[in-house]
Amino acid sequence: MIIDPAYSQLILPMIIAIFLAINMGGSGTAPSFSAAYGANLIPKSLIPGLFGIMVFVGAIVAGKNVAYTLGRGILPHENMTIILTSIILLSVALSLLMANLLGVPQSTSQSTVFALAGTALYFNVLETDKLFFVIIPVWFVLPVISFFLTYLAGKYIYKPMKKRSSFEFETLKKHPGLQALVLISSLYVAFSIGANNVANASGPIASMVMNVLGLSDNQTNFNLVMVLSVLIIAPAFGIGSSLLGNKVVQSTGKEIIEFGPLSATIIAMITATLLLSVSITKGIPASLVQLNTGAILGIGCAKLGWKEIFSKSTVQKFWVIWIIAPILAFALSIGLTWIADKMGML
């Protein structure tokens, strides 16, 4: 069977996109199912399947706006050639791989935005309005909102309930309602990840496919191609969860016991809601890592006090950790684009 050259050219960026999705699936499993696994509410073998299904549903139902932003809101869609799309996705994948190897949590969405910005800046076509006046401000504001919401929830919901009853993992079986809430929150987080993070790969891929196949530039065509790209990319999240997520979810599931099921559920519900809200209303690629960090700090301050939490050395390292991967993705994107340009590949 002879493959049409137009389709054969799509193989490389698709492979890179799938590799990126596998890495995202591995890192996204822990914030979704650690609490449920730590509470022994779900077998580890079922987690990749449930995670993959909910990610897929989230991407199809609520992921269009973020995909549109990453497909054409930073770098003009006509610049999404096969080479440049491959460079952008490879830059993000390598930055995520580096972070995973170092055990450093990072935002894939921010790395994707910076990789797009690097290529756009090289060609002087960077769409600055949405980047500097919408996306970046939300990155700073959202973790702060997450912090204060969980702080208030911890102070006025967690503490009063804790005084009336014990909600520890070993006694969770006495509270079927809370069991259901923990499971629902796990599925909800996975759905929110699908609504936001799948677009890191599907957005650029959708614009690239439209350019390669010469499809007319309109919202309908973009949405159709985006859905088709999600059909290929979203299942890779489940594969990544199966290959890379087991160890992470096991260690995190044990570590999260110090929060307890009620605290973990509060964190999950608040962060997932914030992530989903900016995905649907603004189409903003946001960081679940930073939302989770803000939420954990908030619940920690409510339980232990501000001084106790913010004096920890790990808290002081958060800002350094958050900027490493996006800067690497930005540098790789510019560097690889420059190399491709000098080699006459663009």
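The values are calculated or read from the model by the stated rules, or taken from the named source; none is laboratory data. Just so it is clear, the structure is predicted and the values come from calculations on it, not from any experiment. Methodologically, a virtual Cβ is constructed for each residue, glycine included, from the backbone with ideal geometry; neighbour enumeration extends over all protein chains shown.
Among the residues of the stretch 198-216, which ones are assigned to a helix (DSSP H, G or I) and surrounded by fewer than 24 Cβ atoms within 10 Å (Cβ to Cβ)?
First, the residues of the stretch 198-216 that are assigned to a helix (DSSP H, G or I): 199-213.
Result: Met210, Asn211, Val212, Leu213.
Would you mind finding the one in Ala93, Ala115, Ala120 that is assigned to a helix (DSSP H, G or I) and over 19 Å from the mean Cα position of the chain (by Cα)?
Numbers: Ala93 fails: over 19 Å from the mean Cα position of the chain (by Cα); Ala115 fails: over 19 Å from the mean Cα position of the chain (by Cα).
Within the list Ala93, Ala115, Ala120, the selection yields Ala120.
Which one is surrounded by the most Cβ atoms within 10 Å (Cβ to Cβ), of the residues in the stretch 138-156 that are in contact with a helix residue (DSSP H, G or I) (Cβ under 7 Å, 6 or more places away or on another chain) and hydroxyl-bearing (Ser, Thr, Tyr)?
If we take residues in the stretch 138-156 being in contact with a helix residue (DSSP H, G or I) (Cβ under 7 Å, 6 or more places away or on another chain) and hydroxyl-bearing (Ser, Thr, Tyr), then Thr150 is surrounded by the most Cβ atoms within 10 Å (Cβ to Cβ).
Mind checking which residues of the stretch 31-46 are modelled with pLDDT of 75 or more and hydrophobic (A, V, I, L, M, F, W, C)?
Phe33, Ala36, Leu41, Ile42, Leu46
Based on what the data block shows, is Gln106 under 30 Å from Val212 (Cα atoms) and surrounded by 24 or more Cβ atoms within 10 Å (Cβ to Cβ)? Spell out how you get there, then give the answer.
Working: under 30 Å from Val212 (Cα atoms): no; surrounded by 24 or more Cβ atoms within 10 Å (Cβ to Cβ): yes.
For Gln106, the condition - under 30 Å from Val212 (Cα atoms) and surrounded by 24 or more Cβ atoms within 10 Å (Cβ to Cβ) - is not met.
Quick grid of which residues meet (1) out of contact with any Ser or Thr (no Cβ under 7 Å at 6 or more places or on another chain); (2) surrounded by 23 or more Cβ atoms within 10 Å (Cβ to Cβ):
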| residue | (1), (2) |
| --- | --- |
| Ala21 | yes, yes |
| Met24 | no, yes |
| Pro31 | yes, yes |
| Val57 | yes, no |
| Asn65 | no, no |
| Met98 | yes, no |
| Ala115 | no, yes |
| Gly118 | no, yes |
